[in-house]
Amino acid sequence: MHNPLARNRVFVAGHRGLAGSAMLRCLQRAGCAGVITRTHAELDLTLSSQVEDFFSTEKPEYVFLCAAKVGGIMANSTRPAEFIHQNLAIQTNVIDASYRYGVKRLLFLGSSCIYPRDCPQPMRESYLLTGPLESTNRPYAVAKIAGIEMCWSYNRQYGTQFLAAMPTNLYGPNDNYHPEHSHVLPALLRRIHSAKLADDREVVVWGTGTVRREFLHSDDMASACLHLVSLPDEEFQALSSSTSEAPLVNIGCGEDLTVRELAELIAEIVGFRGQLVFDATKPDGTPRKLLDISRIRALGWQPAIPLRQGLESVYRLYAEQAASLT
Ligand SMILES: NC(=O)c1ccc[n+]([C@@H]2O[C@H](COP(=O)([O-])OP(=O)(O)OC[C@H]3O[C@@H](n4cnc5c(N)ncnc54)[C@H](OP(=O)(O)O)[C@@H]3O)[C@@H](O)[C@H]2O)c1
């Protein structure tokens, strides 16, 4: 496939994270020779002076903004000030510098928590700001909504081509398997794997197991982001320069499953033969979170990695890494 970014200077912010590392692999596979990266230690994106120096020296032409302060419910509820402050600072610095240094196109990553807590399902882009947000991660969601609004405002006032992409729950290489701070899929993978090694007879899963969630491999997310940024001018501008609709595109697989089905699938892949016990005294969260992906499908993208195949590949990686640590 022709890749319009192949000869350009492309900055992937947050290239060591789950989303950013997938973006980096995707661009490298697509033959992009001019990818620019900086670790958090080399460039703190919350500091405008450092961002300014970086943009004035490196002059990136395309930006994938995958850097963010990210965490689960616990981190979001105990450190809300850090979540709103750092995310607002990162995106404000990067989006504004991208405008001032003439970046051709920028893609800002958000997440499905920007949609109202009681959003109709599946969630369409037009449901943004139509109802109250889930309270546990409101500071994070508000920062992300401000990022979308900022892209939109810059497009309208300055004619920039900035787009916001909202991926569903991601999994893939470089996921966070921390015992207390990980999301549901890596947490289940870790616990079921440990239970298998310990020959445990059961694994307790939080909640009733009946809530439905959608999962996308991070490589699929990255291919969607590259697809969006590579769209021909006419299609890109139809998204970015509308005055009536935010420059926003959902990225998902269009299918969900219950947490019970997910746990059973992981147990099967891991080879755990014990029982899964669902602890209904623990919170379930929203009953369903599924993105409507008709917009990105209409633009010619679709996911390529079925959940079972994706889980098998991340489990292989996880088991190898876990074995090398013991
Ligand atoms: N994970 C998901 O399921 C998911 C789903 C939908 C959307 N997203 C979106 O994808 C984006 C990235 O999420 P992720 O899951 O990839 O998070 P992640 O794995 O935690 O990666 C975030 C990256 O950003 C870097 N970073 C954080 N603060 C920084 C700063 N001040 N300066 C420079 N770099 C900084 C981190 O570096 P350090 O680790 O060194 O701090 C890390 O490499 C977020 O916008 C998130 O909303 C994620």
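The values are calculated or read from the model by the stated rules, or taken from the named source; none is laboratory data. Predicted model only: the values in this text are computed from it and were never measured. Positions of Cβ are backbone-derived with ideal geometry, glycine not excepted, and every protein chain shown enters the neighbour counts. Ligands, DNA and RNA are excluded from the accessible area calculation, which covers all protein heavy atoms including side chains. Shrake-Rupley method; radii C 1.70, N 1.55, O 1.52, S 1.80 Å.
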**OP:** Give the residue, chosen from VAL51, VAL35, VAL12, that is under 23 Å from LEU216 (Cα atoms) and either modelled with pLDDT of 95 or more or of a type outside the set (S, T, N, Q) (or both).
**Re:** VAL12
**OP:** Examine the stretch 135-146 for a residue that is closer than 19 Å to TRP301 by Cβ and in contact with a Ser or Thr (Cβ under 9 Å, 6 or more places away or on another chain), and state whether such a residue exists.
**Re:** no
Original post:
Assuming PRO60 fulfils every condition listed in (1) buried (at least 21 other Cβ atoms within 10 Å of the Cβ); (2) near the ligand (Cβ under 9 Å from one of its atoms) apart from one, which condition is it?
Top reply: (2)
Subject >> Lone unmet requirement of (1) near the ligand (Cβ under 10 Å from one of its atoms); (2) out of contact with any Pro (no Cβ under 9 Å at 6 or more places or on another chain) for ASN87 >> reply: (2)
Original post:
Applying the selection to the stretch 20-34, what residues are open to solvent by less than 40 Å² (accessible area, probe 1.4 Å) and either within 11 Å of the ligand (Cβ to nearest atom) or not in a loop (DSSP other than H, G, I, E, B) (or both)?
Top reply: GLY20, SER21, ALA22, MET23, LEU24, CYS26, LEU27
**OP:** Go over the candidates ARG100, ARG117, ARG124, ARG79 one by one and state the one that is within 18 Å of the chain's Cα centre (by Cα) and open to solvent by 30 Å² or more (accessible area, probe 1.4 Å).
**Re:** ARG124
Original post:
Do you know which residues across the stretch 4-19 are open to solvent by less than 20 Å² (accessible area, probe 1.4 Å) and more than 17 Å from VAL103 (Cα to Cα)?
Top reply: ALA19
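Restricting to the stretch 301-326, what's the tally of residues that are hydroxyl-bearing (Ser, Thr, Tyr) and not in a helix (DSSP H, G or I)? Lay out the reasoning, then the answer.
Keep residues of the stretch 301-326 that are hydroxyl-bearing (Ser, Thr, Tyr), which gives 313, 315, 318, 324, 326.
Narrowing further to those that are not in a helix (DSSP H, G or I): 326.
Number of matching residues: 1.
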Subject >> Some residue of the stretch 128-146 being closer than 30 Å to ARG273 by Cα, of a type in the set (A, V, I, L, M, F, W, C) and away from the ligand (no atom under 13 Å from the Cβ) >> reply: no
Subject >> Cβ-Cβ under 6 Å pairs, at least 6 apart or on other chains, the stretch 161-173 side over 16 Å from GLY310 (Cα atoms), far side more than 7 Å from the ligand (Cβ to nearest atom) and open to solvent by 30 Å² or more (accessible area, probe 1.4 Å) >> reply: PHE162/TYR154
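Residue-by-condition table, conditions (1) hydrophobic (A, V, I, L, M, F, W, C); (2) under 19 Å from the mean Cα position of the chain (by Cα):
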| residue | (1), (2) |
| --- | --- |
| ALA222 | yes, yes |
| HIS227 | no, yes |
| GLN237 | no, no |
| THR243 | no, no |
| ILE251 | yes, yes |
| ARG260 | no, no |
| ILE266 | yes, no |
Original post:
Given the stretch 181-294, what strands (runs of 3 or more DSSP E) lie entirely inside it while holding 1 or more residues that are open to solvent by 60 Å² or more (accessible area, probe 1.4 Å) and modelled with pLDDT of 95 or more?
Top reply: 202-206, 275-279
**OP:** Among the residues of the stretch 1-19, write down those that are within 15 Å of the ligand (Cβ to nearest atom) and either without any contact (Cβ under 8 Å) to a residue 40 or more places away in the chain or of a type in the set (Lys, Arg) (or both).
**Re:** ARG16
